[in-house]
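**Student:** Would you mind keeping the following structure in view while I ask a few things?
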Amino acid sequence: MRVGMTEKPFYVTTPIYYVNDKPHLGHAYTTVAADAKARFHRLRGEAARMLTGTDEHGQKLEQAAREAGMDPLPFADQNSQHFRDLWEKLNIRYDDYIRTTEERHKSGVQTLWRLVQAAGDIYKDEYEGKYCVSCENFLTDLQLADGKCPDCGKPVEAVREESYFFRLSKFQKPLLEHYARNPDFIQPDTRRNEIVRFVEGGLRDLSVSRTSFEWGIPVPDDPAHVIYVWFDALSNYATAAGFGKGNGFPADTPWPADQHFIGKDILRFHAVYWPAFLMSAGLPLPRQVFSHGWWTIEGQKMSKSLGNAVDPHWLIEEYGVDAFRYFIMREIPFGADGDFSHGQLIDRINSDLANDLGNLLHRTLNMVKRYRKGRISHASDAADLPAEKEFAAAVAASAASYEKQMESTNLQAGLRSAWEAISAANRYIDASAPWALAKEGPEARLDTVLYHAAAAMRVVAAMISPVMPGTAENIAAQLGLAGDWTGAPFAELMDLYGLPGELETKLGEPLFPRIEEDARAKLEEKVAARIAEGDEDGSGKKAEEDNGRAGLITFEDFQQVELRVARIEAAERIPKSKNLLKVEVSLGAERRTVVAGIAKHYAPEELIGRTVVVVANLEPAKLMGVESQGMLLAAEGADGLKLVGVEGDVPPGAKVR
Ligand code: ME8
């Protein structure tokens, strides 16, 4: 870096959230991840900039405001504030908050439009097709799933209106080249492969304006059209970076973004449309789009009632902000889907936070208090024994892997590395037995051990600070560190011997009290009550979700299950499994492998040639290392399981209705 030039900050963004909805667990998840990443970069001494905000235009918002009996802008004002309130409670340190109704954004979007238009990539035509208001997405009939939106499952609208189109088709090749040249552009890899396949399949030009409602940014020089809400929304990352004041970015812009954090639901918009718009306008592309997975709640798809049981405000009140932040970052690999379960959260609080982390700090400072009146005093590391050398090496190894993992956004693995240091410290204390040293000496060795244990706490505090900033500060305060302790160079923060030799510690309350059985039972009751309360919010929405009566499904629901006749072609036992058989079935045109739990009821040989019924559209699952691509139907009788078959001569592949 040259003197006088400022370094471009590491620029991290979250999606801008729709303000028709209250902030929920999914929103909190992305935002905490982005915050943790930005904090990690700041910890490393880099400048970092985090952007979040709200998406306030479009048909969905216009409708939601109307339903609430409000004008769109005051409605957006009110709901945008709900997101800000949650970010404050969640300790999110964002540098900018963009609302798409702000002037700086509107003018930037129009500037981008003009650049794309000047490049010859916008033309006027008519759009005829389907539109999902909930996803704000154009769909063809072929994309629909049983007549509904394939992504959110909601009904779609038929739309026919004059529209401007963006020549997305022109960008197929440039996009594929970009993905190939920048293998990290889309993360994780599985998602990149999905997008590459999608783009390889061909791109249709994209409708980028609407004429059937008004709530949006007018198309320059043609105000009967409002700009498509995704063109508008995606531009936020650039307009918040100053784009549009002139014809481009200001000199001190943080653009290009280093990482766009998003959920997998909106990857196509970010990994296909957004770079294509930027390419067309001749602007630099973001460096990476990181798409994370989706949470289910207690094993089920998130819904309004279940959402109530994981309302972030409530979770923060019950468990504390850092336990919540820790859990969502630690529970699933960033990028994968996962399940949010209160039982698991309580287990993690008790084991990782109370037992491992909290206990390490408490026992260490408790001994410093009892044996040394709270003072840590350690002259040098010259006299340290092999035990200390080994311990220092273990901490250094975990610090190195921590940095590597956090750098590549493996936030879960980053936390695991911090816990390796915690375990090493707990083992070191057990092995060095300071309580025995306090009785029998030598005195100097007691000082050495207490110093090393406390020193590990400081490294751990630094490592967890991006995910648990409040806890890190609490630890630092108990250790007696100065307020600006995180300002030290990163290498020093990760170095055991970065702890000052003389310190006045202040033992505090345990960081994370254990949640004992009776408290756990009470929490479970509260969760059940919240789910029930979510069912009865009076909006009638739950009734819609459950289709009226508990336990009943509609004919359409039933039709979602694809049942087909199949002929068993081969079957064999799965080694080491008492219950499972690997069965090869023919569905007429295709062959499938199905793992069936019938080994105690049928010998493989007696299955060959049988006609059975399979669930043909079940998500594949791996069982004992074999991928099962469906399920055989069977019924339980007095003498065991009986496979469901079909009477008469029905060919394999026939649909069961
Ligand atoms: O899509 N698990 O806004 P949105 C994990 N305005 N994350 C989840 C989730 C779940 N079950 N549900 C939602 C929009 N999310 C647009 C974005 S950006 C230019 C415009 C998270 O309010 C996830 O990050 O519907 C997802 O991408 C985001 O919420 C969608 O928020």
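**Student:** For a Förster distance of 35 Å, can you work out the FRET efficiency between the beta-carbons of A47 and F213, rounded to the nearest 0.05?
**Tutor:** Once rounded, the FRET efficiency stands at 0.30.
**Student:** Work out the P(r) tail for the chain: percent of alpha carbon pairs separated by more than 45 Å, whole number. Don't skip to the answer; put the middle values down first.
**Tutor:** Numbers: 71538 of 215496 pairs.
In whole percent, the long-distance tail amounts to 33.
**Student:** First check a/c for the range 298-415, with a ≥ b ≥ c the square roots of the eigenvalues of its C-alpha gyration tensor; if it is under 1.5, answer rounded, and if not, answer prolate when a/b is larger than b/c or oblate otherwise.
**Tutor:** Oblate is the answer for the range 298-415, as a/c is 1.5 or above yet b/c matches or exceeds a/b.
**Student:** Here is a follow-up. In what sequence, highest mean first, do 133-143, 600-610 appear when ranked by Cβ atoms within 10 angstrom?
**Tutor:** 133-143, 600-610
**Student:** If you average the sequence gap of Cα pairs under 8 Å that are 6 or more apart and divide by the length of the range 209-336, what percent do you get for the contact order? Walk me through the numbers before you get to the answer.
**Tutor:** Details: 113 pairs, mean separation 21.4, N = 128.
With pairs under 8 Å counted, the relative contact order is 17 percent.
**Student:** Relative contact order for the range 553-656: what percent, with Cα pairs under 8 Å and sequence separation of 6 or more?
**Tutor:** 32 percent
**Student:** Ok, one more. I want to make sure I understand the PRE zone here: with the label point 7 angstrom from the Cα of V650 toward its beta carbon, which residues in the range 595-616 have backbone N atoms less than 16 Å away?
**Tutor:** Label zone hits: 610-616.
**Student:** Counting residues in the range 341-504 as N, plug N into 2.2 N^0.38 Å and put the Cα Rg over that result.
**Tutor:** Relative to the rule-of-thumb radius for its length, the range 341-504 sits at 1.01.
**Student:** Please give the net charge around C149, taking every other residue with its beta carbon less than 11 angstrom from that of C149, where Lys and Arg add +1 and Asp and Glu add -1.
**Tutor:** Taking every other residue near C149 into account, the sum is -1.
**Student:** Sum up the charges of everything whose Cβ sits under 13 Å from the Cβ of V614, counting Lys and Arg as +1 and Asp and Glu as -1, but leave V614 out.
**Tutor:** The answer is +2.
**Student:** Which value, in debye to the nearest 20, describes the size of the charge dipole of the chain about its Cα centre when Lys and Arg Cβ atoms bear +1, Asp and Glu Cβ atoms bear -1, and nothing else is charged?
**Tutor:** 1280 debye
**Student:** Right, here's the next one. Just the projected area, averaged over all directions, of the convex hull on the alpha carbon atoms of the range 125-213: how many nm²?
**Tutor:** Values: hull surface 26.2 nm².
If you wrap the Cα atoms of the range 125-213 in a convex hull and average its projections, you get 6.6 nm².
**Student:** May I pose another question? Taking every alpha carbon pair in the range 191-277, what does the distance histogram look like in 10 angstrom bins from 0, in percent?
**Tutor:** 14, 38, 35, 13
**Student:** At a 10 Å Cβ-Cβ cut-off, how would you order V196, V459, V583, fewest neighbours first?
**Tutor:** V196, V459, V583
**Student:** Decide, for the range 553-656, between rounded, prolate and oblate: order the square roots of the alpha carbon gyration tensor eigenvalues as a ≥ b ≥ c, take rounded if a/c falls under 1.5, and otherwise choose prolate if a/b is larger than b/c, else oblate. Mind showing how you got there, number by number?
**Tutor:** Details: a/c = 1.44, a/b = 1.34, b/c = 1.07.
Rounded is the answer for the range 553-656, as its axis ratio a/c remains below 1.5.
**Student:** Hey, another quick one. Give me the one-decimal nm value for the distance between modelled label points at K373 and D252, 7 Å along each residue's Cα-to-Cβ direction.
**Tutor:** Output for this residue pair reads 5.1 nm.
**Student:** Ok, one more. Positive end of the charge dipole of the chain (Lys, Arg +1 and Asp, Glu -1 on Cβ, about the Cα centre): tell me which of Q78, I195, V646 has its Cα farthest that way.
**Tutor:** Farthest towards the positive pole: I195.
**Student:** What order, most packed first, do the peptides 156-168, 465-477, 114-126 have when packing is the mean number of other Cβ atoms within 10 Å of each residue?
**Tutor:** Put in order of decreasing packing, that is 465-477, 156-168, 114-126.
**Student:** Quick check on the chain: of the DSSP beta bridges with both residues there, what percent are antiparallel, nearest 5%?
**Tutor:** Here the antiparallel bridges make up roughly 70 percent for the chain.
**Student:** Same structure, new question: Which of A529, L633, A180 sits farthest toward the positive end of the charge dipole of the chain, with +1 on the Cβ of Lys and Arg and -1 on the Cβ of Asp and Glu?
**Tutor:** The residue sitting farthest along the positive end of the dipole is A180.
**Student:** In what sequence do K130, K37, K154 fall when counting other Cβ within 10 Å, fewest first?
**Tutor:** So the ranking, lowest neighbour count to highest, is K154, K130, K37.
**Student:** So which of K582/K642; K37/K389; K60/K173; K37/K245; K8/K404 end up more than 24 Å apart, counting from Cα to Cα?
**Tutor:** K37/K389; K60/K173; K37/K245
**Student:** Let me ask another. Straight-line reach from K301: which aspartates and glutamates fall under 16 Å, measuring Cα to Cα and dropping same-chain residues less than 8 apart?
**Tutor:** Qualifying aspartates and glutamates at Cα under 16 Å: D151, D265, D311, D337, D339, D535, E544, E545, D546, D557, E619.
**Student:** Filter the trypsin sites (Lys or Arg not before Pro) in the range 436-536 down to the DSSP loop ones having no more than 15 other Cβ atoms within 10 Å, then list what survives.
**Tutor:** Numbers: sites: K439, R445, R458, K506, R514, R520, K522, K526, R530; in loops: K506, R514.
Counting only loop positions with at most 15 other Cβ atoms within 10 Å, the trypsin sites (Lys or Arg not before Pro) in the range 436-536 are K506.
**Student:** Counting only helical runs of four or more DSSP H residues, what would the 222 nm mean residue ellipticity of the chain come to if each run contributes -39,500 (n - 2.57) and the total is spread over all its residues? Show your work: numbers first, answer last.
**Tutor:** Numbers: 24 runs with 268 residues, N = 657.
Helices in the chain give a 222 nm mean residue ellipticity of -12500 deg cm²/dmol.
**Student:** Turning to a different aspect of this structure: Calculate I(q)/I(0) for the range 155-309 by the Debye formula, one identical point scatterer on each C-alpha and no solvent, and give its log10 at q = 0.09, 0.12, 0.15 Å⁻¹ to two decimals.
**Tutor:** -0.36, -0.63, -0.95
**Student:** Related question: If you place +1 on the Cβ of every Lys and Arg and -1 on the Cβ of every Asp and Glu, how big does the dipole about the Cα centre of the range 10-293 come out, in debye to the nearest 20?
**Tutor:** 940 debye
**Student:** Same structure, new question: Would you list F213, F555 from fewest to most Cβ contacts within 10 Å?
**Tutor:** Fewest to most other Cβ atoms nearby, the residues stand as F555, F213.
**Student:** Over the chain, what is the mean sequence separation of C-alpha contacts under 8 Å (at least six apart), divided by residue count, expressed as relative contact order in percent?
**Tutor:** Contact order relative to length: 11 percent.
**Student:** Another one. As an exercise, identify the trypsin sites (Lys or Arg not before Pro) in the range 326-398 lying in DSSP coil whose Cβ has no more than 12 other Cβ atoms within 10 Å.
**Tutor:** K373
**Student:** Past the 29 angstrom mark, what percentage of all C-alpha to C-alpha distances in the range 1-149 do you count?
**Tutor:** Values: 3832 of 11026 pairs.
That fraction is 35 percent.
**Student:** Report the charge-dipole magnitude of the range 341-504 in Debye, nearest 20, computed about the Cα centre from +1 at each Lys and Arg Cβ and -1 at each Asp and Glu Cβ.
**Tutor:** Its charge dipole is roughly 460 debye.
Every number in this text was worked out from the coordinates using simple rules, so none of it is lab data. The structure presented is a predicted model; accordingly, all values stated were derived computationally and were not measured. For neighbour counting, all protein chains shown are included, and Cβ atoms are generated from backbone atoms with ideal geometry for every residue, glycine included.
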